[in-house]
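**Student:** First the structure, then my questions, so here it is.
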Amino acid sequence: MEGRGTIESLIRLIGDDPTREGLRETPDRVIRSYTELFSGYKQDPAELMKVFEDGACDEMVLVKNLEFVSFCEHHLLPFTGVAHIGYLPDKRIIGLSKLARLLDVFARRLQVQERLTSQITQALMEHLRPRGAGCIIEASHTCMSCRGVKKQQATMVTSSLVGAFREDQRTRSEFLQLCNTR
């Protein structure tokens, strides 16, 4: 399997023997795992955006608590959390699951949370062309909890508000209020 030698070298680097019984198949498992965890590089967000114009609404659409796992590009350690993604349609909507899939496309790449948040709203604006879009992400980073400063309870919150979500105070307030309700 391509990359096997690289993983074996990593195992040696951390001080273990890749030929011992428990580690012999680890390189192949890691490669299969990374193929799934970083599958976002092989996906185009535009392909997700099947747009519906029939029956479109003109009120806010919001999906909350979309769970995700991504990897910090600085330490190659995971960060996990939830995203709240919304948009204000302009005669066009997308399927509900597409918001979750859009999150996964960008989360399954090496990331920083700030960029992940803005990539989601940028993709919505580019491919769906709503009147506005918003994304709030709340995540815990293992690069903060298991190494370095070791802050177990730290949560990072980022937001990206564009179009009407940034320019219209009422729309902005409605989005933020809806994100905070159960």
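**Student:** Counting heavy atoms of the protein chains only and a 1.4 Å probe, report the per residue accessible area for segment 1-128 as a whole number of Å².
**Tutor:** Per-residue accessible area for segment 1-128 comes out at 57 Å².
**Student:** Carbon and sulfur atoms: what percent of the 1.4 Å accessible area of the chain do they account for?
**Tutor:** Working: 5290 of 10810 Å².
Carbon and sulfur: 49 percent of the exposed surface of the chain.
**Student:** Could I ask something else about it? Label 7 Å along Cα→Cβ of Met156; segment 106-144 residues with amide nitrogen under 11 Å?
**Tutor:** Within reach of a label on Met156: 111-117, 138-144.
**Student:** Can you compute the helix-only [θ] at 222 nm over the chain? Use -39500 (n - 2.57) per DSSP H run of at least 4 residues, normalise by all residues, nearest 500 deg cm²/dmol.
**Tutor:** After summing the helix terms and dividing by the residues of the chain, the value is -11000 deg cm²/dmol.
**Student:** Between Arg29 and Ser145, what is the label-point separation in nm under the 7 Å Cα-to-beta-carbon projection?
**Tutor:** Between Ser145 and Arg29, the label points sit 2.2 nm apart.
**Student:** Something else now. Quick one: if the Förster radius is 22 Å, what FRET efficiency do Ala46 and Glu114 give, using the C-beta to C-beta distance and rounding to 0.05?
**Tutor:** Efficiency computed from Cβ-Cβ geometry: 0.45.
**Student:** A follow-up question, please. Under 20 Å from the Cα of Lys42, which lysines turn up, not counting those fewer than eight places away in the same chain?
**Tutor:** Counting by Cα, and skipping residues close in sequence, Lys42 has these lysines nearby: Lys50, Lys98.
**Student:** Evaluate the charge dipole of segment 1-53 about its Cα centre and quote only its size in Debye, nearest 20, assuming +1 on the Cβ of each Lys and Arg and -1 on the Cβ of each Asp and Glu.
**Tutor:** Rounded to the nearest 20 debye, it is 120 debye.
The values are calculated or read from the model by the stated rules, or taken from the named source; none is laboratory data. It should be emphasised that the depicted structure is a prediction, and the values quoted were computed from it without experimental measurement. Because the Cβ atoms are built from the backbone with ideal geometry, glycine has one as well, and the counts that use them run over all protein chains shown. Surface accessibility is based on the protein's heavy atoms, side chains included, excluding ligands, DNA and RNA. Shrake-Rupley method; radii C 1.70, N 1.55, O 1.52, S 1.80 Å.
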